[in-house]
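K.L.:
The structure that follows is given in the form of structure tokens.
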Amino acid sequence: MKNLDEILRFYAISDDIYTKEDELLDICEILFANYVTCFQVRNKANNYSLNTLLKLKNLCEIKKVALIINDDLDLAIKLNADGIHLGQSDINKNLKIPKNIFLGISASNYEEALKGLQLGANYLGIGAIYESNTKKDAKMLSKNDLIKIVQEINIPKVAIGGLNYQNIDNLKEFKIKNIACISAIYENQNYKANCEKLWKKISLL
């Protein structure tokens, strides 16, 4: 069985613009055949029907890609998803997460990372590392806090925020191996080529 770092290594995320419902499964077929190790569904606007998401879960199982649901525990349970990811504003101490679902929590500074750890996170999504086109209001993670999180918090971490082929190398000095991408995967609809290029960089971290 893969450990969590292996599962989180190349972390793709759905997007309202880039992954419309009628294209989602076809796009994921390509991503999953080209190094993506986990896929997070953001469905806050209910862009995806339950039927589509059940098909996606089945595809994830066939391709051995972890399915992570953003913010919606009921949906994660319904789909028998592998993980759930929560933002700081979505954390609820009374949330009863089944033991078979791992928990990721977003952190934009050291204090939030510590809070995530104390609440039982299995991994942290840390960032934004750079400004992002897909999340304009994302808080930037300072270099000092990034170093402190890496040095002091001993659970898997996924870097997120504006990461692309040109800047992934910059994370080597921080010893971060797990990378989340959105725009860099979907730009120009060159999914296969984009994933191959990104994986070349990620695999060397």
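K.L.:
FRET efficiency for Glu196 and Leu95, Cβ-Cβ distance as r, R0 = 25 Å, nearest 0.05?
P.N.:
Result of the calculation: an efficiency of 0.10.
K.L.:
Now, a different point. Report the normalised scattering of the chain as log10 I(q)/I(0) at q = 0.11, 0.15, 0.16 Å⁻¹, calculated by the Debye formula with identical scatterers on the alpha carbons.
P.N.:
For the chain at q = 0.11, 0.15, 0.16 Å⁻¹, log10 I(q)/I(0) is -0.46, -0.90, -1.04.
K.L.:
Further question on the same structure: Using packing as a proxy for protection, rank 165-173, 149-157 so that the peptide with the highest average count of other Cβ atoms within 10 Å comes first.
P.N.:
So the order, starting with the most tightly packed, is 149-157, 165-173.
K.L.:
Here is a follow-up. Relative contact order of the range 117-184: what whole-number percent is it, with Cα pairs under 8 angstrom and at least 6 residues apart?
P.N.:
Values: 92 pairs, mean separation 24.7, N = 68.
It rounds to 36 percent for the range 117-184.
K.L.:
Right, something else. Could you tell me the relative contact order of the chain? Use alpha-carbon pairs under 8 Å, at least six residues apart, and round to a whole percent.
P.N.:
Taking the mean separation of contacting Cα pairs over the length of the chain, I get 20 percent.
K.L.:
How large is the helix-only mean residue ellipticity at 222 nm for the chain, computed as the sum of -39500 (n - 2.57) over DSSP H runs with n ≥ 4, divided by its residue count, in deg cm²/dmol to the nearest 500?
P.N.:
Dividing the helical sum by the residues of the chain leaves -10000 deg cm²/dmol.
K.L.:
Remind me, what semi-axes does the range 60-168 give for its equivalent ellipsoid, largest first in whole Å, using sqrt of 5 times each Cα gyration tensor eigenvalue?
P.N.:
Sorted largest first and rounded, they come to 24, 17, 13 Å.
K.L.:
Express in Å², to the nearest 10, the accessible area of Val36 obtained by rolling a 1.4 Å probe over the protein heavy atoms while all chains stay in place.
P.N.:
Surface open to solvent at Val36 totals about 10 Å².
K.L.:
For the range 115-205, what D do you get in µm² per second when you plug the Kirkwood radius from alpha-carbon pairs into Stokes-Einstein at 4 °C and 1.567 mPa s?
P.N.:
94
K.L.:
Follow-up. Two decimals is fine: what's Rg over Rh for the range 1-107, C-alpha atoms, Kirkwood radius as Rh?
P.N.:
Taking Rg over the Kirkwood Rh, I get 0.93.
K.L.:
Which of Lys20/Lys135; Lys20/Lys44; Lys44/Lys192 have a Cα-Cα distance over 22 Å?
P.N.:
Violating the 22 Å limit, Cα to Cα: Lys44/Lys192.
K.L.:
Also: For the range 145-190, what percent of Cα pairs sit more than 11 Å apart?
P.N.:
It works out to 70 percent of all Cα pairs.
K.L.:
Another one. Can you send over the solvent-accessible area of Thr134, 1.4 Å probe, protein chains only, in Å² to the nearest 10?
P.N.:
40
K.L.:
On to the next question. Given charges of +1 on the Cβ of Lys and Arg and -1 on the Cβ of Asp and Glu, with all other atoms neutral, how large is the dipole of the range 54-205 about its Cα centre, in debye to the nearest 20?
P.N.:
440
K.L.:
Could you state the number of Å between the C-alpha centres of the range 10-74 and the range 109-139?
P.N.:
21
K.L.:
Hey, another quick one. Based on the mean of other beta carbon atoms within 10 Å per residue, what is the order of 77-84, 196-203, most packed first?
P.N.:
Top to bottom by mean Cβ count within 10 Å: 77-84, 196-203.
K.L.:
Further question: Mind telling me which of Gly104, Gly120, Gly162 comes out most flexible in a GNM of the chain, alpha-carbon contacts under 10 Å?
P.N.:
Between Gly104, Gly120, Gly162, it is Gly120 that shows the largest mean-square fluctuation.
The values are calculated or read from the model by the stated rules, or taken from the named source; none is laboratory data. Since this is a predicted model, take the numbers as computed values, not measurements. A quick note on method: Cβ atoms are made from the backbone with ideal geometry, for glycine too, and the neighbour counts reach across all protein chains shown. Heavy atoms of the whole protein, side chains included, go into the accessibility calculation; ligands, DNA and RNA do not. Shrake-Rupley method; radii C 1.70, N 1.55, O 1.52, S 1.80 Å.
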